[in-house]
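The values are calculated or read from the model by the stated rules, or taken from the named source; none is laboratory data. Being a predicted model, the structure only gives us computed values, none of them experimental. Please note: Cβ atoms are built from the backbone with ideal geometry, for glycine as well, and neighbour counts cover all protein chains shown.
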Amino acid sequence: MTDDLRDLYQDLILDHGKRPRNFRAIDNANHHALGHNPLCGDKIDLFVAVDEAGIIQDVAFQGSGCAISVASASMMTEMLKGKTEAEAAKLFDYLHHSCTGKPADETGLDEDAVDRIKALAGVRDYPIRVKCATLAWHTLQSALKSKAKVSTE
Amino acid sequence: MNESASPVCYAAEGEMFACAAPTRFAVDQYRKDFPILAQSINGHPLAYLDNGASAQKPRMVIEAMTRFMENDYANIHRGVYQLSQKATDKYEAVRGIVRRFINAEYEDEIVFTHGATESINLVAQTWGRKFLNSGDEIIITALEHHANIVPWQMLREQIGIVLKIAPITPQGEVRVEDIKALITPRTKLIGFAHVSNVLGTILPVADICAIARASNIVTLVDGCQGICHLPVDVRALGCDFYVFSGHKLYGPNGIGILYGRRDILASMPPYQGGGDMIESVTFEKTTYKEAPHRFEAGTPPITETIGLGAAIEYVSTIGMARIARHEDEILVYASEKLSAIDGLKIIGTAPHKSGIVSFTMKDAHPHDIGTILDKCGVAIRAGHHCAQPLMEHLGLAATARASFGLYTMREDIDALVVGLEKVREIFG
C-alpha cells in the first residue's frame, strides 16, 4: 500500500470499520438521532443514554457506511462513555479541527481519545471524505439536543 | 481538428454511419484529441472512467468555442450588425446539426435547453400542465435517474396526476409487457431512460414507443446515457420527446436538447417568459413565437451551443456505430476482468448493455473503493448515482461505477483492475 493510503486506512480504522464496537440499539436510550449523508448514502442510527448527572453512560449505533464513517462512529462510542456532554463537545471540536487541517488543541483532552482521533485525521487530505469522519459526531450533536426517545431529526 | 485527429469522413445527410470507416478503431489516435487525458494523477496515467457523469472534451470542441468567442461572438436574434448575424447563423446552424444527428424530421423540433434536466422539467411544466388533469397517469420505470422522477412528482403535487412505476427484472431489464400491464385509459405519458445510468441496461425503446403509440400515449426518452453510446434515430425509435445533455456527448455543460415532435411542440404553451421568446409585448397582451423559440427565453448558452455542434461533428466523423462497437468491446473486456476479481459483484446483468458497469465488493464500501482507485489514477463514480429508488430496490446504499467513452482503452480497464486488487489488499 502507498504511504498515503496507509495514512488514511490505518490499522485502527480498518479494524473498527470491519468490526464496529457498540454496534447495537440501546433500549433505554434517552437520546436518539438518525444521521444521513445524502451524497453517499451513509446512514447512522445513534443511541445515547445520559444519566441525571449529565454523564454519558452508554452510546451505541447501527447503520451502514464506508470504512471511515463506520470506524469513526465505532471509536466515538468507545471514547464517549463516562464523559459529560461538554467534554464530548470539546472532543468534537478537536476532531473537526484535526480532520480539516486546522490547528487542534489537545490540552485537557483524554489522551486515548486524542490518539484515536489522530488516526482519523488522515482524511484531511481527502476533503470529500471529511464528512464521512464527522457524520457520527454531527449525529451525536442532534441526538443530545433531542429529548424524545426517538427522533428522526 | 488537429493534424493527429482521426481521418475525416464527412457523412452526408442520411449517411451518418455509412461512411467508409477504417476497420480498426484508432483509440490511441482519438485519445490525442483530448488534451486532458495526457495527464498523470497521483503518479499514474489518468484512467478516466466516469463518462456517465460527464465526458471529456476534444480539442475540436475547445477550439470551436474559443474561435467563436474570438471571432464571431455577439448576442443572437437581436443585433442589426454583422457580428450578431454571424453569431445567429452559427448558433442556428447547430439546430440542423442536431437534427441530422438524431434524424429528426424538422429543425424546429430541436429545442435548446440548459441540459436534460431542464428539458424534462420543460415538458412536465408545459405539456404536462396543459394536457393533464387530476387522476391522469404517467408511467416511469424503476431505474430512472432523479431527473426523470422528480419533475413528475412536482407535477403530481401541482395537479394530482398518478405516477406509476414499471418494475425491473433481477437482471435489470425493463420488459415491455410490464409496462403494458400498467397502461389504463388514463395513461397519458410513458417516460423512461434509453440506457440506465446505473445498470447500463439498454431499454427496448422502439417497442415501448410502439405500444404507447397504439394507445395514443406520449413517450419521453431520457437519452442522456443513450446519445453518447449509441446511434440515435428518433424517428426509428418512434418517440415523441427525446432529451439529452451536451456535456455527456463530449460537448460543454450548460447546453441540452429537447427533441419534440413538431405537432406536440406546437401545441405546448411557453416554458419561461422573457426576451427572445415573444412576438410582441404590450402591457395588456403578449404573443409568443412559434416553437422552438417560444421555449428559449432569455439569452441562451450561445458559445456552449457552438461547442455542442462541434462535439456532434466530432463524434459523427468517427461514427456513432463504430463508437458503440468499440465501447461494447470494452464492456465485454471489463466485465470479464471484473468478474474474475474475488468478492466483486457486477450489478446489472441485462444481455443488452452499453458503456456502463456498476459493481460492489465484499467488505469494501464504494466510497473507499473510489478513494483507493483515485490513488491509482483511476476516476470512477461511487454513490447512488442520482437513482435512489433504484438503489433501494437493489437493496444497496451505493455502487461503484465505471463508465466508458470513445477514448476508453483496455489499459484503462487494466488500471482499474490493479486498483481493485489494491482494494482487496487493504480490505480483503
#### Entry: Filtered residues of region A:4-49 (kept if in a loop (DSSP other than H, G, I, E, B), within 14 Å of chain B (Cβ to nearest Cβ) and over 22 Å from B:L396 (Cα atoms))
A:Y9, A:Q10
### Summary
Note on region B:268-324: residues in contact with an Asp or Glu (Cβ under 8 Å, 6 or more places away or on another chain), among the acidic types (D, E) and outside any loop (DSSP other than H, G, I, E, B) are none
### Query
Which of (1) closer than 21 Å to B:A147 by Cβ; (2) hydroxyl-bearing (S, T, Y); (3) crowded, with 23+ Cβ neighbours inside 10 Å is the odd one out, the single condition B:S354 does not satisfy?
(3)
## Note on the structure
Residue count, region B:79-114, condition free of Cβ contacts under 8 Å to residues at least 24 places away in the same chain and surrounded by fewer than 18 Cβ atoms within 10 Å (Cβ to Cβ), comes to 12
### Task
Please enumerate the residues belonging to region B:176-207 that are closer than 30 Å to B:E313 by Cα and in contact with a helix residue (DSSP H, G or I) (Cβ under 7 Å, 6 or more places away or on another chain).
B:G191, B:F192, B:A193, B:H194, B:V198, B:P204, B:V205, B:A206, B:D207
### Task
Find the residue count for region A:130-152, including only residues that are at pLDDT 90 or above and charged (D, E, K, R).
1
### Message
With the requirement that a residue be under 30 Å from B:K32 (Cα atoms) and among the β-branched types (V, I, T), what does region B:384-428 give you?
### Response
B:T408, B:I413, B:V417, B:V418
### Task
Please work out which residue is farthest from the other protein chains (Cβ to nearest Cβ), limiting yourself to region B:368-414 and to residues that are among the acidic types (D, E), farther than 24 Å from B:V195 by Cα and surrounded by fewer than 24 Cβ atoms within 10 Å (Cβ to Cβ).
B:E411
### Message
Restricting to region B:228-281, and then to whatever is at pLDDT 95 or above and polar (S, T, N, Q), can you tell me which residue is nearest to B:F404 (Cα to Cα)?
### Response
B:S245
### Summary
If you go through A:F61, A:F92, the only one that is of a type outside the set (S, T, Y), in a helix (DSSP H, G or I) and within 12 Å of the chain's Cα centre (by Cα) is A:F92
### Task
Assess whether B:A324 counts as being at pLDDT 95 or above and assigned by TED's automatic domain parsing to the domain that holds B:E144.
no
### Task
Evaluate region B:301-313: report whether one residue or more is surrounded by fewer than 16 Cβ atoms within 10 Å (Cβ to Cβ), in contact (Cβ under 8 Å) with a residue 12 or more places away in the chain and over 18 Å from the mean Cα position of the chain (by Cα).
no
### Query
Of all residues in region A:95-110 being within 23 Å of A:G17 (Cβ to Cβ) and surrounded by fewer than 21 Cβ atoms within 10 Å (Cβ to Cβ), which is nearest to the chain's Cα centre (by Cα)?
A:H96
### Message
Given (1) crowded, with 21+ Cβ neighbours inside 10 Å; (2) within 12 Å of chain A (Cβ to nearest Cβ); (3) under 16 Å from B:S54 (Cα atoms); (4) in contact with a helix residue (DSSP H, G or I) (Cβ under 7 Å, 6 or more places away or on another chain), identify the lone condition not met by B:H365.
### Response
(3)
